[in-house]
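The values are calculated or read from the model by the stated rules, or taken from the named source; none is laboratory data. Just so it is clear, the structure is predicted and the values come from calculations on it, not from any experiment. Backbone-built Cβ (ideal geometry, glycine too); neighbour counts: all protein chains shown. Heavy atoms of the whole protein, side chains included, go into the accessibility calculation; ligands, DNA and RNA do not. Shrake-Rupley method; radii C 1.70, N 1.55, O 1.52, S 1.80 Å.
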Amino acid sequence: FVLWYPADRIAFMNGVAFSAGALGAMTATVPLELALRAFGWRDIFVALAVATIAVAAVLYFFVPERKHERKAETLALQLAGVAAILRDPAFWRVGIALCTSQAATVALLTLWMTTWLRDVAGFSLAEVAQALLAVNVALIAGYLGYGRAADAVARRGRSALPLFAGGIACASACLAVIAFGTTAGSVLTWALFIFFGAASTVAYPMLSRRYPRGMAGRVNTCMNIFTFMGTFLGQWGAGLILNRWAPTATGYDPAAYFYAFGALWLAQLAGLLWLLAGRRLLAPP
């Protein structure tokens, strides 16, 4: 995207890419639940593998390369660029906030939301699939909406920090409601939680604009470390806490979710406060 599109469209294009991933996640909701009525899980996995190979072939044979003249950097220069990123205090403010936010939003969406709906809200398998579908629609709306908004503020020469921080703050408020076990309007609460959590993607273009264009790949890679580390720690940490309680006949003890989700809420809030404490470092360069 950095090679093909102007700087004031990067955030929206990132939103489009993330939305494509969310479309894939949507297939694991109601469509998968319906497919399992006619096919075994092995058949579905084989079909997904074939589809993945087909997409890879299309990318290789039909997607054009962007022709540009640029002198290749040596490995030493590439590593020096990474070191410069890691020495930037602003990078750590954004990265840690991204890590703790993803530890809550992505970890819960990809793993623990389904068990909460089953154990706390009492949803059936079909109802869980429908809720996941609705929440993934909210996720796509969040990706696209925050992408457009981030590009709009960039065109005006303003920082996207309020979008990033505001989204995390609103997601944190929704997570507090969920952690306390409020089941009334639970699908809407989860949808809002994930919608606001999509603001985390604003961190990528916001930070990339601080560095030369040729370093965009390294910036995104460094940010991805925080994203995947946060997701893993959130998934693992919540499970570690849930397993401290004896399981019920159908799943985890509903009382355990207050402590597991509460821990993720505290982590998300701490990351937000860390970000805001260094907001002066994140002024547009």
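Per residue, the accessible area of the chain comes to 53 Å², computed with a 1.4 Å probe over protein heavy atoms only. Using θ = phi - 60° in the Karplus curve 6.51 cos²θ - 1.76 cosθ + 1.60, the 3J(HN,Hα) couplings for the range 215-222 round to 9, 4, x, 5, 4, 5, 5, 4 Hz; x is entered for Gly and Pro.
Modelled this way, with points 7 Å down the Cα-to-C-beta line, the labels at Ala76 and Thr182 are 5.9 nm from one another.
The candidates Met229, Met215, arranged from most to least accessible area with a 1.4 Å probe in the full protein assembly, appear as Met229, Met215.
Binning the C-alpha pair distances of the range 213-285 at 5 Å intervals from 0 yields a P(r) profile of 3, 13, 14, 17, 16, 12, 9, 6, 5, 3, 1, 0 %, listed from the shortest bin outward.
Relative to the 2.2 N^0.38 Å rule of thumb, the range 1-55 has a C-alpha radius of gyration ratio of 1.57.
Computed 3J(HN,Hα) for the range 185-200, one whole-Hz value per residue from the Karplus formula 6.51 cos²θ - 1.76 cosθ + 1.60 where θ = phi - 60°, is x, 5, 5, 5, 4, 5, 5, 5, 4, 6, 4, 5, x, 5, 4, 4, glycine and proline marked x. A protection proxy built from the mean count of other Cβ atoms within 10 Å ranks the segments 143-156, 14-27, 247-260, most packed first, as 143-156, 14-27, 247-260. Compared with the dominant Cα axis of the chain, that is its longest principal axis, helix 10-26 is turned about 30°.
The share of accessible area on the chain that comes from carbon and sulfur is 70 percent, using a 1.4 angstrom probe. Summing charges over all other residues whose Cβ lies under 14 Å from the Cβ of Leu144, with Lys and Arg as +1 and Asp and Glu as -1, gives +1. Taken about its Cα centre, the chain carries a charge dipole of roughly 1100 debye when the Cβ of each Lys and Arg holds +1 and the Cβ of each Asp and Glu holds -1. With R₀ fixed at 45 Å, the C-beta to C-beta distance from Leu48 to Trp245 puts the FRET efficiency at about 0.85. Backbone geometry of the range 147-161 corresponds, through the Karplus equation with coefficients 6.51, -1.76 and 1.60 at θ = phi - 60°, to 3J(HN,Hα) couplings of x, 5, 5, 5, 5, 5, 6, 5, 5, 8, x, 9, 7, 8, 4 Hz, x marking Gly and Pro. In terms of the mean number of neighbouring beta-carbon atoms within 10 Å, the peptides 41-49, 55-63, 93-101, 77-85 order highest first as 93-101, 77-85, 41-49, 55-63.
Hydrodynamic radius of the range 89-180 by the Kirkwood approach over all distinct alpha-carbon pairs: 15.0 Å.
How large is the convex hull of the Cα atoms of the chain per residue, expressed in Å³ as a whole number?
Considering the Cα atoms of the chain, their hull volume per residue is 148 Å³.
The ratio of the alpha-carbon radius of gyration of the range 1-115 to the globular-protein estimate 2.2 N^0.38 Å is 1.49. For the chain, the longest principal axis of the Cα atoms and the long axis of helix 256-277 meet at an angle of about 20 degrees.
Quick one: net charge of Val94's neighbours, Cβ under 13 Å, K/R +1, D/E -1? Surrounding charge for Val94 is +3.
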